[in-house]
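**Q** Have a look at this one before I ask anything.
What follows is calculated from the coordinates using simple rules that are stated; it is not laboratory data. Because the structure is a prediction, the values reported are computed rather than measured. Please note: Cβ atoms are built from the backbone with ideal geometry, for glycine as well, and neighbour counts cover all protein chains shown.
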Amino acid sequence: MTETTKNNTRLMNIPPYKTADSNRNLTARAGLVVIADWFKRLGLNELADRFMPAPGSSRGYRPSVLLSTFMLMKHEGAKRLEDVRHLHCEPGLMKLLGFEKVPEARTLGNWLRRIGNSEQSMQALVEINKHLLSAGLHHCRRVTLDIDATVIECNRKGTEFN
């Protein structure tokens, strides 16, 4: 291994996951491990549990589990709550991520309806966002935001510019 490779490996903080050849417990969603690890390193689970509304019962999921589930779903391409079933089909991956049980779509929907636009929920999201921005921007004093300048080309007849 060259000196440059050694230095780059140290800088990347490669997670200590081991891989092996197998015909069992394969997943097409292994990239979610990186997202979950990133969540853990940033301390977002602790922030969610501290600031988000607590479950309505003693058997309810912690806010960090619900929020992590949503983040994993979004990163794996989910478009609706029912897409949580993709995570249910990955018991090995969920075990690796530390999920004892994955919430059902109904549970996720109930939680979203319960927290709604409550002041506590909005303030929790502000605090979590501040933490994310602080971690991402470090000590930057000025930032330029470029609001989605994506060009969407449409070739349909009758389409007009508004």
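**Q** What ratio of Cα Rg to 2.2 N^0.38 Å holds for the range 87-137?
**A** The range 87-137 yields a ratio of 1.52.
**Q** Can you pick out the pairs among Lys18/Lys130; Lys74/Lys101; Lys18/Lys40; Lys95/Lys130 whose Cα atoms lie more than 25 Å from each other?
**A** Numbers: Lys18/Lys130 34 Å; Lys74/Lys101 18 Å; Lys18/Lys40 19 Å; Lys95/Lys130 30 Å.
Going by Cα-Cα distance, Lys18/Lys130; Lys95/Lys130 fall outside the 25 Å limit.
**Q** Take Ser118, Ser68 and order them by how many other Cβ atoms sit within 10 Å, fewest up front.
**A** By the 10 Å Cβ count, ascending: Ser118, Ser68.
**Q** Right, next: Residue by residue, what Karplus-based ³J(HN,Hα) values in Hz, rounded to whole numbers, does the range 144-152 have, using 6.51, -1.76 and 1.60 with θ = phi - 60° and x for Gly and Pro?
**A** Karplus-based 3J(HN,Hα) across the range 144-152 equals 9, 9, 9, 6, 2, 9, 6, 8, 10 Hz.
**Q** Oh, and also: What is the magnitude of the charge dipole of the range 53-125 about its Cα centre, with +1 placed on the Cβ of each Lys and Arg, -1 on the Cβ of each Asp and Glu, and no other charges, expressed in debye to the nearest 20?
**A** Here the size comes out at about 140 debye.
**Q** If you don't mind, another one. Would you list Thr69, Thr107, Thr150, Thr27 from fewest to most Cβ contacts within 10 Å?
**A** Ordered from fewest to most neighbouring Cβ atoms within 10 Å, Thr69, Thr107, Thr150, Thr27 come out as Thr150, Thr27, Thr107, Thr69.
**Q** Hey, rough spin-label estimate for Leu96 and Arg59, points 7 angstrom out along Cα→Cβ, what's it come to in nanometres?
**A** Calculated label separation equals 3.1 nm.
**Q** Next question. For the range 70-162, report the % of Cα-Cα distances exceeding 17 Å. Numbers along the way, then the final one.
**A** Numbers: 3057 of 4278 pairs.
Cα-Cα pairs of the range 70-162 separated by over 17 Å account for 71 percent.
**Q** Let me ask you something else. If the convex hull of the alpha-carbon atoms of the range 44-93 is projected onto planes in all directions, what is the mean projected area in square nanometres?
**A** That works out to 4.2 nm², a quarter of the Cα hull's surface.
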